[in-house]
1. In segment 1-35, which residues have a backbone nitrogen under 19 Å from the label point lying 7 Å from Asn101's Cα in the Cα-to-Cβ direction?
2. Specify the inter-centroid distance of segment 1-31 and segment 126-151, based on alpha-carbon positions, in whole Å.
3. Give, to the nearest whole percent, the P(r) tail of the chain beyond 29 angstrom, counting all Cα pairs.
4. Name the residues whose placed amide hydrogens come within less than 5 Å of the amide hydrogen of Ser119, ignoring near sequence neighbours (fewer than 5 apart) on the same chain.
5. Could you work out how far helix 34-47 tilts from the main Cα principal axis of the chain, as a 0 to 90 degree angle to the nearest 10?
6. How large is ³J(HN,Hα) for each residue in segment 158-169, as worked out from phi by the Karplus curve 6.51 cos²θ - 1.76 cosθ + 1.60 (θ = phi - 60°), to whole Hz, x for Gly and Pro?
7. If packing is taken as the mean number of other Cβ atoms within 10 Å per residue, what is the order of 4-15, 82-93, highest first?
8. Provide the FRET efficiency to the nearest 0.05 for the His17-Arg110 pair, computing r from the beta carbons and using R0 = 30 Å.
Amino acid sequence: MSTPDTVVHLVRHGEVHNPEGVLYGRRDGFHLSDLGRQMAEKVAAALQDRDIVHLRVSPLERVRETAEPLALARGLEPVVDERVIESTNVFEGERFAAGANALKDPRNWRYLWNPFRPSWGEPYKQVVARMMSAVHDARIAATGHEAVVVSHQLPIWITRLHVERRSFLHDPRSRQCTLCSVTSLHFVGDRITQVSYSEPAGDLIPVQDKGAPFSAGGATEEKKPPA
């Protein structure tokens, strides 16, 4: 395998203060919880000694707050990029916790007819197009070094499925993209030759929030995309 010359790390934001269990999507006013801030500090500590020269973030508060410790540690000014924002979703603003579940309301079933697109939100192909455009701009900005893009679970996971040439159809509970996890795209030139994954803040994630069977705290995985 060729030695990567540039790495772009996709970092998911930390835990959000959301006692009502709202699907917050792109809404303003949702900030990191105290635990989320600890997660942000932990992922910054894990990355601060790496050769990171470029930092790119979603405009939403929870992402910018997650990026702050790393920006301070590396002396970087984050580039706010709308292309790495959360995906749109018709259920934004609905509750999915504390005994409420919008999916149990028959009036919402009309949105669930096509899980491949998906019919309830931004098309996966559109998510990939904007994410990969931002990833390549980050790669160019950090050529020969490393970049960090702080984003959201769905955009990061769909980007990984695309890179690994896997089906977009999936169970959201099985996404290998826990809070403050790091999905790293290793480039040789403009070609991705390897994907690696780690969870620097995995030990801080409450057991009930881990969900995915692959999300054991501190787990690390490496995978080579299909040729």
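1. Answer for this model: 20-24.
2. 14
3. Of all Cα-Cα pairs in the chain, 22 percent lie more than 29 Å apart.
4. Answer set, sorted by chain and number: Asn114.
5. Helix 34-47 sits at roughly 20 degrees to that axis.
6. 5, 5, 5, 4, 5, 4, 8, 6, 9, 5, 6, 5
7. 4-15, 82-93
8. Efficiency computed from Cβ-Cβ geometry: 0.40.
All of the numbers you see were taken from the coordinates with simple rules; none came from a lab. Owing to the predicted nature of the structure, the values given are computational and were not obtained by experimental measurement. Don't worry about glycine lacking a Cβ; one is built from the backbone with ideal geometry, like all the others, and counts go over all protein chains shown.
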